[in-house]
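What follows is one structure encoded as structure tokens, with my remarks underneath.
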Amino acid sequence: MPQTPDDGMTTVDLRTRIDEIDTRIHEALMERADAETAIRSVGGASSDTVLSYQPDRDADSVRQMLERHRGSLPITTVEQIWRDIICACTLQGSDTVVYLDGGAELIDMFDLARFYFGFSTELDPCSDASDVVDAVGLSTGNAIGLVALNDRADLPWWRGLSETGAHVRARLPFVMLDERPADLPALVLSRADNLVDNTDVTVYDARWSDVLPGKLMDQGIEVLSFFRSGSGVDALLAISGELTEEDALAACAAAGARPDVLRRVGGYAAPIDGENDGDDEFGGEEPQE
């Protein structure tokens, strides 16, 4: 149980106590880093453990942190400290590169990358979202991609996502707060041996030769982004991870039209509503064509 400073303690006593707390924090940080190093040693050459970026585990850690949080320290401050710790420990020695979507405001992309992946991770701006997909997909190391989410995309960049290449692993911001820093909506891309099956939200590449169905939200489907061309419309969809692909096809049909193509391209942990005691949110606004 955390101790409350005694009213009878002097300033010198309190500063001494702070020094003792700082020492415990530093010792715990070193212990955590050693544990992460041990995990990599135990994992050896297994591809399941070599990949340093584990967004589902990170999401669980942040959820637990929010449940423990108390007092006047802002949640965003604690979240950033916590993410710095996670990244510093898990990405140490991994030569991780974060590729940034140059089609968005780069200063916002840099803020987002620094908030979520720390100051020691290498950042590499790309020309646009498609280049980010290619860079992550072709990488042989620990590559992460950050792509800004826009309702109407300049190109259907998500067509380049695949099970064996880059795919969606997380959605940012993870903790939703009013007037929060690093609030640019974005998706995180990375590689793994297979698509993760147990995500809260599944992401699909969907294509129609006609117009985008107008009642997708009524079926619990969020349109993350869409692109209209002379041959039809492409859309990046977010659907509850509890639904199968057949369920998703049926939901699209109920919304107005079954897509010609529906292809799973990733998934992510549902963002947390930081203003509402950590309840998860799912959904968004229907895009306007």
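The values are calculated or read from the model by the stated rules, or taken from the named source; none is laboratory data. Being a predicted model, the structure only gives us computed values, none of them experimental. Glycine also receives a Cβ, built like all others from the backbone with ideal geometry; neighbour counts cover every protein chain displayed.
When segment 35-56 is filtered for residues that are out of contact with any helix residue (DSSP H, G or I) (no Cβ under 9 Å at 6 or more places or on another chain) and either modelled with pLDDT of 80 or more or not acidic (Asp, Glu) (or both), the ones remaining, listed by number, are Ala38, Ser41, Ala45, Ser46, Ser47, Leu51, Pro55, Asp56.
Go through (1) buried (at least 20 other Cβ atoms within 10 Å of the Cβ); (2) among the aliphatic types (A, V, I, L, M); (3) assigned to a strand (DSSP E or B) one by one and return the number of the condition Leu123 breaks. With respect to (1) buried (at least 20 other Cβ atoms within 10 Å of the Cβ); (2) among the aliphatic types (A, V, I, L, M); (3) assigned to a strand (DSSP E or B), Leu123 is out only on (1).
Figure legend. Inter-residue proximity from segment 132-156: first residues over 18 Å from Met109 (Cα atoms), second residues polar (S, T, N, Q) and in a helix (DSSP H, G or I), beta-carbon distance below 8 Å, spacing 6+ or different chains. Indicated pairs: Leu155/Ser130. Among the conditions (1) under 27 Å from the mean Cα position of the chain (by Cα); (2) surrounded by fewer than 21 Cβ atoms within 10 Å (Cβ to Cβ), Ala248 misses just one, which is (2).
Being modelled with pLDDT under 95, among the aromatic types (Phe, Trp, Tyr), surrounded by 16 or more Cβ atoms within 10 Å (Cβ to Cβ) and in a helix (DSSP H, G or I) is true of Phe115. Among residues of segment 180-208 that are assigned to a strand (DSSP E or B), those with a beta-carbon under 7 Å from a residue that is acidic (Asp, Glu) at least six positions away or on a different chain give the pairs Arg207/Asp234; Arg207/Asp260; Trp208/Asp260. Of all residues being among the hydroxyl-bearing types (Ser, Thr, Tyr) and part of a helix (DSSP H, G or I) in segment 70-85, which is surrounded by the fewest Cβ atoms within 10 Å (Cβ to Cβ)? Just the residue, please. The qualifying residue surrounded by the fewest Cβ atoms within 10 Å (Cβ to Cβ) is Thr77.
Between Gly145, Gly141, the distinction of being more than 27 Å from Val211 (Cα to Cα), in contact with an Asp or Glu (Cβ under 6 Å, 6 or more places away or on another chain) and not hydroxyl-bearing (Ser, Thr, Tyr) belongs to Gly141 only.
Considering only residues that are at pLDDT below 95, loosely packed, with under 15 Cβ neighbours inside 10 Å and in a loop (DSSP other than H, G, I, E, B), which ones fall in segment 126-153? Result: Thr140, Gly141.
Which residue, of Leu91, Leu106, Leu100, is at pLDDT below 85 and within 30 Å of Asp128 (Cβ to Cβ)? Please lay out each step first, then the result.
Numbers: Leu106 fails: at pLDDT below 85; Leu100 fails: at pLDDT below 85.
Matching residue, one of Leu91, Leu106, Leu100: Leu91.
Exactly one residue among Leu155, Leu172, Leu149 is of a type in the set (A, V, I, L, M), under 19 Å from Val233 (Cβ atoms) and under 13 Å from the mean Cα position of the chain (by Cα), and that residue is Leu149. Just to check your reading of the model, which residue among Glu20, Glu79 is at pLDDT 90 or above and over 30 Å from Leu155 (Cα atoms)? Among Glu20, Glu79, only Glu20 is at pLDDT 90 or above and over 30 Å from Leu155 (Cα atoms). Scanning segment 213-231 for residues that are under 14 Å from Ala153 (Cα atoms) and of a type outside the set (Val, Ile, Thr) yields Leu224, Ser225, Phe226, Phe227, Arg228, Ser229.
In the set (1) part of a strand (DSSP E or B); (2) over 27 Å from Leu138 (Cα atoms), Val211 fails one condition alone, (1). Screening Ala88, Ala104 for residues that are over 16 Å from the mean Cα position of the chain (by Cα) and surrounded by 19 or more Cβ atoms within 10 Å (Cβ to Cβ) leaves exactly one candidate, Ala104.
Screening Leu212 with (1) at pLDDT 95 or above; (2) buried (at least 21 other Cβ atoms within 10 Å of the Cβ); (3) touching an Asp or Glu at 6+ places or on another chain (Cβ under 8 Å) gives one miss only, at (1).
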